[in-house]
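Below is one structure, written out as structure tokens; comments come after it.
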Amino acid sequence: MAEKTEIGDGFRLDIESFLDHLRHERGASPHTLAAYENDLHLAALWFGRQGHAQFGQVNSPEVVAYHSQLADVAPRTRLRRLAALRSLNRWMIRTGRRAQWDWPDLRFGRPLRHLPKALPATELTQLLENTDLDSPRNLRDRAFLELLYGTGLRVSEAVSLRTDAVLTGDQALRVTGKRGKTRIVPVPTETWSWLETYVREARPQLASKPLAALWLNDRGGPLSRQSADRIVRQRARRAGLGRGISAHTLRHTYAVHLLEGGADLRAVQELLGHASLATTQIYTQLDLRQTENQYRKAHPRA
């Protein structure tokens, strides 16, 4: 990976102080911190070329100009970069690092929110069962896929599990989610069986030294988020499911299958670790879309 272009000390201090705030006071995850750092670094480079030495010198017309030069960037990326800059600005005002000023009225449409992809039962079975169990690595992969679907964990939550998070007496996991919030997630019996098999048979063979991490990579170290997502994508391709399937697809599938089975929306919210019920409600839209499609195929007047 290429090194980042250097930015001025003033910009760097602003960014580092803001990231410390997000890390220690907001409990932001490493993934979130990295995204903020990257977006603010890019903004600092641009404002630096306009002759500024720190974010406190930036004014409203210049933010508009910065927004304009992002015209060729993907809409979601543009929104994220402006949101990072606005969050930094609010924090700087609140902490007295700059005077109050009016953030410009940047009118641009939000990108359409695509409904999450959920696997039908046949494709889910194809994905899960298309794994040979002839090695510790393959057994780990199968158990990891089963865990993602059986619990609906975010991939970052799954790879950060420690061995002491496995609550054997309760057949559950103690999960630390976004902003450091902890929740207890029940594990279905079949998923629990795969987890036990991994811990008993595969993990000891993968481990090169004592580690607290539950999921280990091929070299015996902690499994990373990127490696975990790569496992899912590779297994999906080998199962003939093509592109577009990620670890998050299994989380979506978990949520949709729960709702299709009659689970209460608020219960699903708790299981997924969503702070807002509105986030969980997107899965009801997907469920309704599937129902509508079935209706249009089956009803003679549809």
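The values are calculated or read from the model by the stated rules, or taken from the named source; none is laboratory data. Because the structure is predicted, anything quoted here is derived from the model rather than measured. Cβ coordinates were reconstructed from backbone atoms using ideal geometry, including for glycine residues, and neighbour counts include every protein chain displayed.
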Subset of the range 200-231, residues touching a strand residue (DSSP E or B) at 6+ places or on another chain (Cβ under 7 Å) and part of a helix (DSSP H, G or I), comes to Arg203, Leu206
Give me the pairs: first residue in the range 68-81 and free of Cβ contacts under 8 Å to residues at least 60 places away in the same chain, second residue surrounded by 11 or more Cβ atoms within 10 Å (Cβ to Cβ) and basic (Lys, Arg), beta-carbon distance under 7 Å, and six or more apart or on different chains, which are they?
Leu70/Arg78; Leu70/Arg81
Among (1) buried (at least 20 other Cβ atoms within 10 Å of the Cβ); (2) within 20 Å of Gln226 (Cα to Cα); (3) modelled with pLDDT under 85, Ala118 falls short only on (2)
Scanning the range 157-181 residue by residue, those modelled with pLDDT of 90 or more, assigned to a helix (DSSP H, G or I) and surrounded by 15 or more Cβ atoms within 10 Å (Cβ to Cβ) turn out to be Glu157, Ala158, Val159, Ala165
Quick one: would you say Gly220 is assigned by TED's automatic domain parsing to the domain that holds Val268, more than 16 Å from Asp141 (Cβ to Cβ) and small (Gly, Ala, Ser)?
no
Can you pull out every residue in the range 159-201 that is touching a residue at least 60 places away in the same chain (Cβ under 8 Å) and under 27 Å from Asp134 (Cα atoms)?
Val159, Glu201
On the basis of being within 30 Å of Ser224 (Cβ to Cβ), outside the structural domain of Lys178 (by TED's automatic domain parsing) and touching a helix residue (DSSP H, G or I) at 6+ places or on another chain (Cβ under 7 Å), does Ser29 make the cut?
yes
Could you say which residue among Leu241, Leu271, Leu195, Leu258 is hydrophobic (A, V, I, L, M, F, W, C), surrounded by 16 or more Cβ atoms within 10 Å (Cβ to Cβ) and part of a loop (DSSP other than H, G, I, E, B)?
Leu241
Subset of the range 1-58 [surrounded by 12 or more Cβ atoms within 10 Å (Cβ to Cβ) and either among the hydroxyl-bearing types (Ser, Thr, Tyr) or touching a strand residue (DSSP E or B) at 6+ places or on another chain (Cβ under 6 Å) (or both)]
Ser17, Ser29, Thr32, Tyr36
Residues to consider are Thr95, Thr151; find the one that is surrounded by fewer than 17 Cβ atoms within 10 Å (Cβ to Cβ) and either at pLDDT 85 or above or of a type in the set (Asp, Glu) (or both).
Thr95
Out of all the residues in the range 194-217, is one or more at pLDDT 90 or above and hydroxyl-bearing (Ser, Thr, Tyr)?
yes
Can you find even one residue in the range 14-27 that is more than 24 Å from Glu157 (Cα to Cα) and of a type in the set (Gly, Ala, Ser)?
yes
Sort through Thr291, Thr253 and tell me the only one that's of a type in the set (Ser, Thr, Tyr), modelled with pLDDT of 50 or more and in a helix (DSSP H, G or I).
Thr253
Quick check on the range 52-60. Is at least one of its residues at pLDDT below 85 and not assigned by TED's automatic domain parsing to the domain that holds Gly177?
yes
